[in-house]
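Written below as structure tokens is the structure these notes are about.
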Amino acid sequence: MSAATACRDDAGATYVALSGGVGGSKLSLGLSHLLGSRLTIVVNTGDDFEHLGLHVSPDIDTTLYTLAGLVNEETGWGRRDESWNFMRAIEALGGPEWFRLGDGDLAMHVDRTRRLRAGETLNEICAKFRACLGIKPRVLPMSDDPLRTLVDTDNGVLAFQEYFVREQCRPRVRGIRFEGATKARASSMALDALAAPTLAGVIICPSNPYLSIDPVLAVPGIAEALRKCRAPVIAVSPIIAGKAVKGPTAKIMGELGLAADAATIARHYSGLIKGFVLDEEDARYEPSLGLPTLVTKTLMKTSADKIALAEACLAMCDKLRAGGDARRAKARDA
Ligand code: FO1
């Protein structure tokens, strides 16, 4: 993907994306290509945890690496061309090897932890890393306060990374909760971005709604800011033909007694979204959803796919905004 930002004719309009890790960062990359610094990405930190004494922020780092062109395209997380000397050394010492930290990646966790201990906030640290990596969009941890995703399973309550990486999502999920949610304060920059008069659209990326987007919405003030904002809020389905592109979304939906389809995802966000983007393979759900929809190709394999989906999302926001403006004008003139 070229580093240059493609021009849209709505110069000055700003957009916010809500994102988790791998799936969300692909659309964020497409949006970043079209919008550059006019994009703010509010990222889930419910997956953060302390490992080997270090503060690890997986979804933040996945987003930073993806936007900086550093991500390992095969896994979707971690750095490409990574070396693994640290992991080999820690394994040789009998240390924990279930969560793999590459040598370059390790530098992020060491420096983040050092800065946190010196009193910097997650948002300040992320801004520093973003500047060092030459990333144009603002990447904002949803909160500087700890909010931890806990997965209630048949094997007991597991911290997110224990469930996701150590247990490889095998245990049956009974429920999901967000420890610390009531006390967490939303990133003030995220709230400002959602209240900005220039805001032209909010895009909920095709991340896992239950594990990656719900923690963002659980931070007091964020869902309210979405409901209040004048710009259209739209969501992109992470489910295509009953399957998640990556990860356990469909499995978890089944375990929670939900049908794993795009219609369930749209219902999950009802009251929050004004439009829904779903895949061509799921076009049959369109008439039953009861809100404006856009049927398009949502699978993002290539850079062109990411930009095309981003373009479709922005076009949907434009259309919803135009409809809203027309309705307001009609009401004024009545
Ligand atoms: N995912 C894995 O499946 N195995 C790992 O060993 C692993 C290590 C890891 C290290 C740093 C990082 O930023 C992400 C890492 N991830 C790993 C991905 C991560 O657990 C998940 O993708 C997200 O938390 C879910 O969005």
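Of the numbered conditions (1) at positive phi; (2) polar (S, T, N, Q); (3) in contact (Cβ under 8 Å) with a residue 40 or more places away in the chain, GLN168 satisfies every one except a single condition; which is it? Of (1) at positive phi; (2) polar (S, T, N, Q); (3) in contact (Cβ under 8 Å) with a residue 40 or more places away in the chain, only one is false for GLN168: (3). A residue that is within 27 Å of ILE222 (Cα to Cα) and touching a His at 6+ places or on another chain (Cβ under 6 Å) cannot be found anywhere in region 274-296. Note on region 1-53: enclosed strands (runs of 3 or more DSSP E) holding 1 or more residues that are open to solvent by 40 Å² or more (accessible area, probe 1.4 Å) and modelled with pLDDT of 95 or more are 49-51. Looking at (1) more than 25 Å from GLU311 (Cα to Cα); (2) surrounded by fewer than 17 Cβ atoms within 10 Å (Cβ to Cβ), which is the only condition ARG230 fails? Of everything listed in (1) more than 25 Å from GLU311 (Cα to Cα); (2) surrounded by fewer than 17 Cβ atoms within 10 Å (Cβ to Cβ), ARG230 misses just condition (1).
Of all residues in region 224-249, those satisfying the criterion of being closer than 19 Å to ASP47 by Cβ and among the aliphatic types (A, V, I, L, M) are ALA244, VAL245.
Just one of (1) touching a residue at least 60 places away in the same chain (Cβ under 8 Å); (2) open to solvent by 10 Å² or more (accessible area, probe 1.4 Å) fails for ILE213. It is (2).
Within region 235-249, the only residue that satisfies the criterion of being within 16 Å of the ligand (Cβ to nearest atom) and of a type in the set (S, T, N, Q) is THR249. Selection of first residues in region 98-121 that are over 10 Å from PHE86 (Cβ atoms) and of second residues that are within 13 Å of the ligand (Cβ to nearest atom) and part of a helix (DSSP H, G or I), restricted to Cβ pairs under 6 Å at least 6 apart or on distinct chains, gives the following pairs, ordered by first then second residue: TRP98/ARG166; PHE99/VAL165; MET108/ASP61. Scanning region 77-116 for residues that are within 12 Å of the ligand (Cβ to nearest atom) and at positive phi gives a single hit, GLY78. Taking the criterion of being assigned to a loop (DSSP other than H, G, I, E, B), in contact with a helix residue (DSSP H, G or I) (Cβ under 6 Å, 6 or more places away or on another chain), open to solvent by 30 Å² or more (accessible area, probe 1.4 Å) and of a type in the set (Phe, Trp, Tyr), the residues of region 57-108 that qualify are TRP77, TRP98.
Table: residues versus (1) touching a Lys or Arg at 6+ places or on another chain (Cβ under 9 Å); (2) within 16 Å of the ligand (Cβ to nearest atom); (3) within 20 Å of GLY30 (Cα to Cα); (4) acidic (Asp, Glu).
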{"site": "MET189", "(1), (2), (3), (4)": "yes, no, no, no"}
{"site": "ASN208", "(1), (2), (3), (4)": "no, yes, yes, no"}
{"site": "GLY221", "(1), (2), (3), (4)": "yes, no, no, no"}
{"site": "VAL233", "(1), (2), (3), (4)": "yes, no, yes, no"}
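Can you tell me how many residues in region 176-210 are free of Cβ contacts under 8 Å to residues at least 40 places away in the same chain and not β-branched (Val, Ile, Thr)? Number of matching residues: 10. Strands (runs of 3 or more DSSP E) fully within region 124-196 that include at least 3 residues being open to solvent by less than 40 Å² (accessible area, probe 1.4 Å) and under 30 Å from LYS228 (Cβ atoms): 138-141.
The values are calculated or read from the model by the stated rules, or taken from the named source; none is laboratory data. In this text, all values refer to a predicted model and were calculated from it rather than measured experimentally. When we count neighbours, we look across all protein chains shown, and the Cβ atoms used for this are built from the backbone with ideal geometry, even at glycine. These accessible areas exclude ligands, DNA and RNA; they are computed on the full protein's heavy atoms, side chains included. Shrake-Rupley method; radii C 1.70, N 1.55, O 1.52, S 1.80 Å.
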